[in-house]
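Below you'll find the structure, written out as structure tokens, and then a few comments.
No lab work stands behind these numbers, since they all come straight from the coordinates. Just so it is clear, the structure is predicted and the values come from calculations on it, not from any experiment. Positions of Cβ are generated from backbone atoms using ideal geometry, with glycine treated the same way; all protein chains shown enter the neighbour counts.
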Amino acid sequence: MVDGPEGDHDEGESGLQPPALDLARSLDALDRHQVDYLLVGGVSANAYGASRRTADFDCLPDPDRDNLRRVAAALKEMHARLRVEGLSDEEVRALPVQVDETTLASMELSTWRIDAGDFDVLTNIPGRDGIRRRYRDFGR
């Protein structure tokens, strides 16, 4: 366990290994913060019956600033820190990156490590036709 500015949380043996994906915990946090989003990627494919192995949660949120603020709050609740290949959690925590709506809005893809596994926030996803689509393109 690590006692850091965000509280106690598991870092993994080396700080490089992600915690096991805890889908229910991520979904609960997003729901508690009333985040509007679409679940995409491997977890979504598995929900439709695919047998695709996945190690992260891919989220396509509504890009509205208030909604991104709620995404950031859910991420903070789960002790989010940027995920950077080759850096330990300790090294990443030293980076001047804020978990907030401005950061989320400025990145096409932001990759986070949370206590419930790895969590990606996307601003768009490619369609089969190669056209990149945003949350609002899917009409609910």
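A few remarks follow.
- Sites Asp28 and Glu91, calculated FRET efficiency, Cβ-Cβ separation with R0 25 Å, nearest 0.05: 0.30
- Here segment 18-127 is assigned +1 on the Cβ of each Lys and Arg and -1 on the Cβ of each Asp and Glu. Its dipole about the Cα centre then comes out at about 120 debye.
- Within the shell defined by Cβ-Cβ distances under 12 Å, the residues around Arg134 carry a net charge of -1, with Lys and Arg each +1 and Asp and Glu each -1.
- Ranking of Glu108, Glu85, Glu77 by neighbouring Cβ atoms within 10 Å, starting from the fewest: Glu85, Glu108, Glu77.
- Per residue, the average separation of C-alpha pairs within less than 8 Å and at least 6 apart gives the chain a relative contact order of 27 percent.
- With kT/(6 pi eta Rh) evaluated at 37 °C and eta = 0.692 mPa s, and Rh the Kirkwood radius from Cα pairs, the chain diffuses with a coefficient of 211 µm²/s according to Stokes-Einstein.
- Alpha carbon Rg of segment 55-105, scaled by the compact-globule rule 2.2 N^0.38 Å: 1.19
- Between 0 and 90°, nearest 10: helix 23-32 axis offset from the chain longest Cα axis: 80 degrees
- Working note: Karplus 6.51/-1.76/1.60 with θ = phi - 60° gives segment 84-98 the couplings 10, 3, x, 9, 6, 4, 4, 5, 5, 4, 7, 6, x, 10, 9 Hz, where Gly and Pro are set to x.
- Most positive-pole-ward Cα, Met78, Leu30, Pro96, against dipole of the chain from beta carbon charges: Leu30
- Backbone geometry of segment 112-117 corresponds, through the Karplus equation with coefficients 6.51, -1.76 and 1.60 at θ = phi - 60°, to 3J(HN,Hα) couplings of 10, 10, 10, 5, 9, x Hz, x marking Gly and Pro.
- Residues of segment 125-140 with an amide N closer than 18 Å to a point placed 7 Å from the Cα of Ala50 along the Cα-to-Cβ direction: 125-135, 138.
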